[in-house]
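Below is one structure, written out as structure tokens; the observations come after it.
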Amino acid sequence: MEQQPPKADHDHHDDHDHHGRDKRGFVFPSALTVLAVVTLIVWALTFVIPSGAYRRTPDGDPIQGTYHHEPAPGGFLHRLGELFLAPVNGLYGLRDAATGLVAPDAVGALYGSAGVFLFVLAIGAFITVVFATGALDRGIERLAHRLSDRGALLIAGVMTVFSLLGTVEGFAEETLGFYGLLVPLMLALGYDRMVATGAIILGAGVGVLTSTVNPFATGVASSAAGVSLGDGIALRFTMWLVLTAVTIGYVVRYAHRVRADPDRSLVGFREGDRELAAQAAEPPELTGLHKTVLVLVTLVFAFMIFSVIPWASALTGKADATPYSWELGWSFAQLAALFITAAVLVGLVAWLGEQRLSATLVQGAADFIAPALVIVLARGVTVIMTNAKVIDSVLHAVEGVVTGTPPVVFAILVYVVNLPLAFLIPSTSGHATLAMPILAPLADFADVSRAVAVTAWQAASGWMNLWVPTTAVVMGGVSLAKVGYDRYLRFVWPLLAILAVLICGFVALGAALT
């Protein structure tokens with residue numbers, strides 16, 4: 001799911017190397033701290049950046065070439081009040097239709113991220129209830145053991161499941177629980193620890209990179225860009241198929257090489273690895289209850305995908321096609337209700353009991369409060385820029401560069417520009433909320449679909465999160481597998497180069513076809 005610091009019980013993974021030594025020289029600050037600093041910097045810059053505005057369409061989109069200077073309201077004390085209220089406005093600020101200013105007591109359309117905020121908490125509650133049943137863990141364990149005598153098929157099967165979960169619901173940190181199972185399994189098959197590490201981190205990671213309907217990446221970015229979650233899903237699905245296949249092929253190729261010649265292992269074999277391999281015992285069978293829960297989870301995510309896709313546009317190829325009568329066109333309000341209902345349903349089916357179900361729902365929402373607050377803070381930054389009337393000034397500054405830029409080049413630039421941003425803000429949802437209000441209108445100026453801009457953005461975020469040391473998934477994973485971060489980088493960099501080329505090709509194709 002959302003990239004965020006690991007929970008308390010995982011903290012030690014980031015703090016020590018594989019020999020147990022303390023390696024905390026500099027600890028990169030959390031996404032919340034980064035965004036708090038960004039808020040202060042942006043607020044200070046609003047006193048320097050000239051204020052201005054574009055004339056806008058009835059839908060609120062800026063009209064290219066209509067930028068003009070316009071004074072921002074209020075003096076220093078007024079601006080100080082804007083800084084103070086930024087998180088509140090980021091949650092439920094309303095935008096006045098006449099002035100365009102955002103305030104918690106204004107009359108107008110919701111500008112804050114309350115809908116996305118509740119959606120994140122709802123899906124957190126749902127996923128936590130699913131894990132409480134033990135069905136998902138057991139299902140993946142059973143798959144791994146069923147394929148344990150066919151090494152390549154085992155790697156491909158596990159990576160496909162992780163990638164599918166990644167593209168649909170941002171499965172990432174949950175992978176930390178599978179090292180205890182997969183490391184002994186891979187060692188038993190004659191592979192090394194890096195094969196298990198690659199299968200887990202890259203399997204889930206490439207799914208998140210090519211998110212189709214992942215609410216923490218595609219969902220938040222689409223909301224910030226003002227497009228449907230289903231827009232651009234055909235391109236993203238094709239990317240998912242191709243990049244997942246390439247990533248699986250890369251890990252399988254390395255695995256074959258190591259099994260044929262153990263001396264070619266990048267990490268070697270540790271004392272006791274052969275004994276550890278013998279511990280890969282067969283897990284218990286799936287119960288009828290587990291199977292029912294897995295079917296329910298599949299149906300919920302399948303229904304979510306069905307409910308957000310603009311089917312008329314997708315099937316006719318016309319962006320302005322009249323929706324079919326059976327289209328749902330759901331957004332975050334309905335999806336939040338769906339996952340709250342589904343969480344309760346799974347809890348009832350699994351006989352968790354009223355007390356445990358209630359506690360699990362609350363715990364799930366609590367576990368996801370960090371990414372939800374990141375979205376609120378990021379939206380608060382946008383509100384500061386909106387009320388100081390500097391968003392349009394930033395757009396205007398880049399408009400000259402974008403004007404005349406071929407759509408293909410623009411799409412690739414969106415990917416490249418977001419790479420350093422993804423390093424600074426490893427939270428996918430925070431990065432999306434911060435970047436898309438600028439990128440979406442720029443895409444309009446460059447005659448590129450906003451959905452392509454969303455795809456290029458999330459590919460940049462996902463690519464960085466495959467290797468940067470600011471993510472719990474990578475640092476916790478290499479620590480659990482005992483492979484060493486430097487060894488992992490050596491293993492993964494050729495794949496990163498291949499994926500970067502493929503991503504640029506896909507977003508260029510998407511831009512050319514819009």
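The values are calculated or read from the model by the stated rules, or taken from the named source; none is laboratory data. This one's a predicted model, so the numbers in the text were calculated from it and none came from an experiment. With ideal geometry, Cβ positions are generated from the backbone for all residues, glycine too; neighbour counts draw on all protein chains shown. Surface areas here come from the heavy atoms of the whole protein model, side chains and all, with no ligands, DNA or RNA. Shrake-Rupley method; radii C 1.70, N 1.55, O 1.52, S 1.80 Å.
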(message) I'd like the distance between the alpha-carbon centres of the range 439-514 and the range 368-386, rounded to an integer number of Å.
(response) 23
(request) Heavy atoms only, probe 1.4 angstrom, no DNA, RNA or ligands counted: give me Leu77, Leu509, Leu187, Leu181 ranked by accessible area, highest first. (result) Leu77, Leu509, Leu181, Leu187
(request) Sort 119-125, 213-219, 471-477, 362-368 for me by packing, meaning the mean count of neighbouring Cβ atoms within 10 Å per residue, highest on top. (result) 213-219, 119-125, 471-477, 362-368
(message) Over the range 108-173, with the other protein chains present, what is the accessible area per residue in square angstrom, probe 1.4 angstrom?
(response) 29
(request) Note the angle between two axes, namely the Cα long axis of helix 151-169 and the longest principal axis of the Cα atoms of the chain, as a number of degrees from 0 to 90, rounded to the nearest 10. (result) 20
(request) Can you tell me the 0 to 90 degree angle between the C-alpha axis of helix 391-402 and the longest principal axis of the chain, rounded to 10? (result) 70
(request) Calculate the all-directions average of the projected area of the range 298-373's alpha-carbon convex hull, and give it in nm². (result) 6.8
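Counting other Cβ atoms within 10 Å, which trypsin sites (Lys or Arg not before Pro) in the range 83-165 have at most 13 and lie in a DSSP loop?
Values: sites: Arg95, Arg138, Arg142, Arg146, Arg150; in loops: Arg150.
Passing both the DSSP loop test and the Cβ count: Arg150.
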(message) Run through the range 295-399 and list the trypsin sites (Lys or Arg not before Pro) located in a DSSP loop whose Cβ has at most 16 other Cβ atoms within 10 Å.
(response) Lys318
(request) Once you have the Kirkwood Rh of the range 396-470 from its Cα pairs, apply Stokes-Einstein at 10 °C and 1.306 mPa s and quote D in µm²/s. (result) 128
(message) Quick check on the chain: helices-only [θ] at 222 nm, where DSSP H runs of length 4 and up contribute -39,500 (n - 2.57) each and the sum goes over total residues. Nearest 500, please.
(response) -21500 deg cm²/dmol
(message) So, for the range 381-514, what is the accessible surface per residue at a probe of 1.4 Å, expressed in square angstrom?
(response) 30
(message) How tilted is helix 332-349 with respect to the longest principal axis of the chain? Cα atoms for both, answer in degrees (0 to 90, nearest 10).
(response) 30
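Measuring with a 1.4 Å probe in the full set of protein chains, what accessible area per residue, in whole Å², belongs to the range 201-289?
Result: 41 Å² of accessible area for each residue.
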(request) Can you give me the P(r) profile for the range 15-164? Cα pairs, bins 10 angstrom wide beginning at 0, each as a whole percent. (result) 8, 19, 23, 19, 15, 13, 3, 0
(request) Taking every pair of Cα atoms in the range 95-200, average 1/r, invert it to obtain the Kirkwood radius, and report Rg/Rh to two decimals. (result) 1.27
(request) Take every Cα-Cα distance within the range 183-252, group them into 5 Å bins from 0 onward, and report for each bin the whole-number percent of pairs it holds. (result) 3, 17, 21, 17, 13, 11, 8, 5, 3, 1
(message) Leaving out ligands, DNA and RNA, and with a 1.4 Å probe, what % of the accessible surface on the chain is carbon or sulfur?
(response) 66
(request) List the pair-distance distribution P(r) of the range 471-514, using every Cα-Cα distance, as the percent of pairs falling in each 5 Å bin from 0 up to the bin containing the longest distance, rounded to whole percents. (result) 5, 19, 17, 15, 14, 11, 10, 6, 3, 0
(message) When the expected Rg is taken as 2.2 N^0.38 Å, what fraction or multiple of it is the alpha-carbon Rg of the chain?
(response) 0.99
